[in-house]
1. Select from segment 150-208 the residues that are more than 22 Å from Tyr131 (Cα to Cα) and among the aromatic types (Phe, Trp, Tyr) and write down the one among them that is nearest to the chain's Cα centre (by Cα).
2. Going by the structure shown, is Ile40 closer than 19 Å to Arg122 by Cα and of a type in the set (Val, Ile, Thr)?
3. Among strands (runs of 3 or more DSSP E) lying entirely in segment 124-208, which contain 3 or more residues that are of a type in the set (Gly, Ala, Ser)?
4. Run Val107 past the list (1) under 16 Å from Ile40 (Cα atoms); (2) among the aliphatic types (A, V, I, L, M); (3) in a loop (DSSP other than H, G, I, E, B) and report the number of the one that doesn't hold.
5. Give me a count of the residues in segment 158-168 that are surrounded by fewer than 20 Cβ atoms within 10 Å (Cβ to Cβ) and in contact (Cβ under 8 Å) with a residue 24 or more places away in the chain.
6. Within segment 184-196, can one find any residue that is buried (at least 16 other Cβ atoms within 10 Å of the Cβ) and closer than 24 Å to Asn55 by Cα?
7. If I filter segment 159-167 for residues that are farther than 30 Å from Ile84 by Cα, in contact with a helix residue (DSSP H, G or I) (Cβ under 6 Å, 6 or more places away or on another chain) and of a type in the set (D, E, K, R), do I get at least one hit?
8. Go through (1) under 30 Å from Gln19 (Cβ atoms); (2) free of Cβ contacts under 8 Å to residues at least 12 places away in the same chain; (3) not charged (D, E, K, R) and name the single condition Thr129 misses.
Amino acid sequence: MSQYFQIHPENPQIRLIEQTVDTLERGGVIIYPTDSSYAIGCLLDNKKAAERIRNIRGLGKAHNFTLVCRDLSEISQYAIVDNINYRLIKSVTPGPYTFVLKASREVPKRIQNPKRKTIGIRIPDNIITQYILDELRQPLMSSTLILPEDGLPMTDPYQIRLALEQHVDLIVDGGYSGHNPTTVIDLMADHPIVLREGQGNISWLKSH
């Protein structure tokens, strides 16, 4: 049975943040809130935990995980970002956007898009997640918490606990979340291409 932490969404308890990071560093799978919806994550180099996430979500081998980063400098470590895209990402982050970029050598091939060698990157505007990432000092390999039989992400921490407490190591309750996933923007072409319109507003793209 998983641990269950109720963490304050504006003033996170440092002790619980440290225990969350300890769970990740010991190979755990966690469920945590973001600025769009709840997500499920583990450390980048944890193959076994990644397989557990695939099984929970009913994902195939081709599914692309997202790297949830704490800032732009961390993004540039794991993805190849030119000056134009750097400025674009800086202008809308932190926020509910996932950017598709060329993966750097730091990213294991098993989580890259097998054909395009890309990776999804994002910096969420959620205080709990930011505290976890600051303490962890590395990205979370993450996926939106959508169960195989559902079309939308889970939003209620209590329902998440009922459904998944036997399958993950820790559930972080940060209150109810939205049910819209992130807006996904492909930055591999000459102009940004919206692959999925989600919570993030895209009106700013008209100026690019």
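1. Applying the filter and picking the extreme gives Tyr158.
2. Taking the combined requirement at face value, the residue satisfies it.
3. Of the strands (runs of 3 or more DSSP E) lying wholly inside segment 124-208, none has at least 3 residues that are of a type in the set (Gly, Ala, Ser).
4. In the conditions (1) under 16 Å from Ile40 (Cα atoms); (2) among the aliphatic types (A, V, I, L, M); (3) in a loop (DSSP other than H, G, I, E, B), Val107 misses (1) alone.
5. 5
6. Yes; the residues of segment 184-196 include at least one that is buried (at least 16 other Cβ atoms within 10 Å of the Cβ) and closer than 24 Å to Asn55 by Cα.
7. No, the conditions are met nowhere in segment 159-167.
8. Failing condition for Thr129: (2).
Since every read-out is calculated from the coordinates, none of them should be taken as a lab result. Being a predicted model, the structure only gives us computed values, none of them experimental. Using ideal geometry, Cβ is built from the backbone for each residue, glycine included, and neighbour counts are taken over all protein chains shown.
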